[in-house]
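> Below is the structure I would like to discuss, written out as structure tokens.
The values are calculated or read from the model by the stated rules, or taken from the named source; none is laboratory data. Fair warning: this is a prediction, and the values are worked out from it, not measured in the lab. Heads up, the Cβs are rebuilt from the backbone with ideal geometry, glycines too, and the neighbour counts pull from every protein chain shown.
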Amino acid sequence: MPDLTTLSAELDAALFRHEIYAVYQPQVDPLTGVVLGVEGLCRWSRSTGEAVGPDVFIPLAEESGVIHGVGRFMLDECLTQIERWHGQQHPVDVAVNVSPLQLATDGFPDYLIEQLAAHDVPAAPLTLEITESVPALEIAQIVPRLRMLRAAGVGVSLDDYGAGHASLSQLNMLPLSEVKLDRSLIQAADEASGRILWEAVERARDLGLRVVAEGVETDAQLDLARNLGCDRVQGYLFAAPMGVDDVDTLLAA
Ligand code: C2E
Ligand code: CA
Ligand code: CA
Ligand code: CA
């Protein structure tokens, strides 16, 4: 892997060279296995053919500002698929990851609402997944924007929920519709994490939030998600992130 400075310099061009693309990971009903939705995740395949993961390039994109272009691209991709899947009578939900830097942009709610109209899709199938990945996250600035989007019918999910204490305190402040349990909690088998997990789910339930478990890799983890009463599960046990064609096949099955 080349150094980060090289990658950062390439990232700008990567977007208009179509090296960045979207994949989708199914979210299923833990009891029936029916696909209820997908999460859109971005990928970068460099001109050399080498794949660079979002864990590496999203932070670079946030640093350089390219994240705004990446975010617009991913939103457009996800809305395009909602339009297509719903047109084919597959009413799946689509979740898209949104950087705090995008949320901090003044026109973000208006932009998103315009995009929904441009794609002629309802707001309800769309969920924005937000995290605390940028330390300077300005809650006070972001909350009114999220409220506008929630009022328009868009879902808001707190990603990596339960991973740190910050997310628990944010739970009451953010206008959420969903939490996504951090995979470290689902995958940990020790008693302490178990306790955190059950408490985290209970708090989310008290607030009437949908609960999604991610990183479900084993039958034991699926059992745990069922026992916790999770509404949706996502993980390699069911499917890895895949291209739209493979999602189409899955939905048609
Ligand atoms: P995330 O939002 O927490 O996404 C879940 C990550 O877990 C994904 O990694 C997914 O491929 C991986 N995963 C799914 N099932 C399993 C499983 O069963 N076991 C394990 N170990 N991992 C699983 P990915 O695609 O590499 O994305 C990494 C992170 O990059 C994401 O974490 C998210 O924070 C960020 N990211 C990805 N796409 C975007 C995007 O379009 N915009 C923004 N802002 N961030 C993105
Ligand atoms: Ca996510
Ligand atoms: Ca997550
Ligand atoms: Ca994460």
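> Restricting the search to segment 1-44, which residues are among the hydroxyl-bearing types (Ser, Thr, Tyr), more than 20 Å from the chain's Cα centre (by Cα) and at pLDDT 95 or above? First the steps, then the outcome.
Quick first cut of segment 1-44, residues among the hydroxyl-bearing types (Ser, Thr, Tyr) only: 5-6, 8, 21, 24, 32.
Those left that are additionally more than 20 Å from the chain's Cα centre (by Cα): 5-6, 8, 32.
If the condition is that a residue be among the hydroxyl-bearing types (Ser, Thr, Tyr), more than 20 Å from the chain's Cα centre (by Cα) and at pLDDT 95 or above, then Thr32 is the only one that fits.
> If you go through segment 80-94 one residue at a time, do you hit one that is closer than 20 Å to Pro175 by Cβ, touching a residue at least 12 places away in the same chain (Cβ under 8 Å) and not polar (S, T, N, Q)?
Yes; the residues of segment 80-94 include at least one that is closer than 20 Å to Pro175 by Cβ, touching a residue at least 12 places away in the same chain (Cβ under 8 Å) and not polar (S, T, N, Q).
> For segment 223-233, name all the residues that are surrounded by fewer than 22 Cβ atoms within 10 Å (Cβ to Cβ) and not in a helix (DSSP H, G or I).
Result: Gly229, Asp231.
> Please work out which one of (1) part of a helix (DSSP H, G or I); (2) more than 18 Å from Asp29 (Cα to Cα); (3) away from ligand 1 (no atom under 16 Å from the Cβ); (4) not acidic (Asp, Glu) is the condition Leu146 fails and give its number.
Only one criterion in (1) part of a helix (DSSP H, G or I); (2) more than 18 Å from Asp29 (Cα to Cα); (3) away from ligand 1 (no atom under 16 Å from the Cβ); (4) not acidic (Asp, Glu) is unmet by Leu146, namely (3).
> For a quick check of your reading: which helices (runs of 4 or more DSSP H) sit entirely within segment 44-142 and have at least 1 residues that are within 16 Å of ligand 3 (Cβ to nearest atom)?
54-64, 67-87, 100-103
> Tell me, which residue of segment 198-216 that is more than 16 Å from ligand 4 (Cβ to nearest atom) and charged (D, E, K, R) is surrounded by the most Cβ atoms within 10 Å (Cβ to Cβ)?
For segment 198-216, the residue satisfying everything is Arg210.
> Right, next: Give the residue that is farthest from ligand 4 (Cβ to nearest atom), with candidates limited to residues of segment 150-173 that are crowded, with 20+ Cβ neighbours inside 10 Å and in contact (Cβ under 8 Å) with a residue 40 or more places away in the chain.
Val154
> Is it the case, given these coordinates, that Ala239 is of a type in the set (A, V, I, L, M), more than 29 Å from Asp110 (Cα to Cα) and loosely packed, with under 14 Cβ neighbours inside 10 Å?
no
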